[in-house]
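Here the structure is laid out as structure tokens; the discussion comes afterwards.
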Amino acid sequence: MSPLGRPVSLGGGVANRGQVFRLGAAVRRPVTPHSPATHALLRHLSRAGFDGAPRLLSADDRMEMLSWIPGVAARNPLPGWSLSDASLVSVAVLVRRFHDAVRGFDGGPHHWPRPVPPAYSDGLVGHNDLHPGNIVFDGERAVGLIDFDLAGPSGVVWDLATVARCWCPLVADADLPDGFVQGPERRYDRLVMLLDAYGLNRAGRVAVAESLVDNHDWTYRIVTDAASAGHPGFREYWAGVAARTSRARQWAVDHQAELIKAVRR
């Protein structure tokens, strides 16, 4: 028995599946070669007063201990409550708070994981992996961001492209979640709602719509590279999502003009 509580395995995840445990108000997880950079980022966020990220409690050469953020991660397939307009707006507000808090953090001295395409790096250190499993909710309100393992120099547009793909959600009609009852055309309205709630200017809104395919490709190249290298978690994950992600990419290609038109309203 740990003084922090009995270890409870946390479900979800791919890279660290079966290796992440909650112990009371703390989470124990493996470190990576890039953990020193991540820890520097988390310390900055704490000093900046951002309460939507874990606090670094301790770390050694194998494991780190982070504070537990109470709530529920949405995870795929998205449950109905996570598809409400209130949930979407709260994600935008939380991500904006994160970006405001991270400004002034110098990512240059640190060793980060895979860089994003240079065209999308504006000097901001982004989360770079804002999919549903990495956003914690209290009811319909997003309250925390977790799993900063892919954080690194990127930008506002890049993070919002990930949010748009995952949360609007910008997927093929056949793959819309069961709880998405508003109809396929509602995706465009939700994209506008997301960017409005964040407070993005018109040029940035168009840039998000134009970046979706590049963002998709960067994200899933991480998965396919790891799967090809024999990582069992990524191989299993890719086998389950390959067809759906291919359809989502094609949908974004086919509907880019409509997406750009929508955000220019």
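The values are calculated or read from the model by the stated rules, or taken from the named source; none is laboratory data. Keep in mind that what you see is a predicted model, and the values were worked out from it rather than measured. All Cβ positions, even for glycine, are placed from backbone atoms using ideal geometry, and neighbour counts span all protein chains on display.
For this structure, a couple of remarks:
- The strands (runs of 3 or more DSSP E) falling completely within region 1-73 that include 3 or more residues that are surrounded by 13 or more Cβ atoms within 10 Å (Cβ to Cβ) and at pLDDT 95 or above map to 56-59, 63-67.
- Scanning region 231-265 for residues that are part of a helix (DSSP H, G or I), basic (Lys, Arg) and in contact (Cβ under 8 Å) with a residue 60 or more places away in the chain gives Arg244, Arg247.
- Ala257 meets all of the listed conditions (1) out of contact with any Ser or Thr (no Cβ under 9 Å at 6 or more places or on another chain); (2) surrounded by 12 or more Cβ atoms within 10 Å (Cβ to Cβ) but one, namely (2).
- Selected residue (criterion: nearest to the chain's Cα centre (by Cα)) from residues of region 241-259 that are among the aliphatic types (A, V, I, L, M) and farther than 12 Å from Thr224 by Cβ: Ala248
- Condition met for Asp106 (in contact with a strand residue (DSSP E or B) (Cβ under 9 Å, 6 or more places away or on another chain) and part of a loop (DSSP other than H, G, I, E, B)): yes
- Candidates Asp138, Asp106, Asp129, Asp85 - the one that is under 24 Å from Ser35 (Cα atoms), among the charged types (D, E, K, R) and either modelled with pLDDT under 95 or surrounded by fewer than 17 Cβ atoms within 10 Å (Cβ to Cβ) (or both): Asp106
- Unmet criterion (only one of (1) part of a loop (DSSP other than H, G, I, E, B); (2) free of Cβ contacts under 8 Å to residues at least 24 places away in the same chain; (3) buried (at least 18 other Cβ atoms within 10 Å of the Cβ)) for Val116: (2)
- Out of Ala243, Ala227, one residue alone is out of contact with any Ser or Thr (no Cβ under 9 Å at 6 or more places or on another chain), crowded, with 17+ Cβ neighbours inside 10 Å and at pLDDT 90 or above. It is Ala227.
- Residues within region 74-87 that are in a loop (DSSP other than H, G, I, E, B) and of a type in the set (A, V, I, L, M), tallied: 2
- Checking Arg55, Arg97, Arg47 one by one, the residue that is under 18 Å from Thr162 (Cα atoms), more than 14 Å from the chain's Cα centre (by Cα) and of a type outside the set (Val, Ile, Thr) is Arg97 and no other.
- Search result, residues across region 195-230 that are among the small types (Gly, Ala, Ser) and outside any loop (DSSP other than H, G, I, E, B): Ala197, Ala203, Gly204, Ala207, Ala209, Ser211, Ala226, Ala227, Ser228
- Of all residues in region 200-230, those satisfying the criterion of being in contact (Cβ under 8 Å) with a residue 40 or more places away in the chain and of a type in the set (A, V, I, L, M, F, W, C) are Leu200, Val206, Ala207, Val208, Ala209, Leu212, Val213, Trp218, Ile222, Val223, Ala226.
- When each of Trp218, Trp167, Trp158 is tested for being touching a Pro at 6+ places or on another chain (Cβ under 8 Å), buried (at least 23 other Cβ atoms within 10 Å of the Cβ) and within 29 Å of Leu10 (Cβ to Cβ), the lone residue that passes is Trp167.
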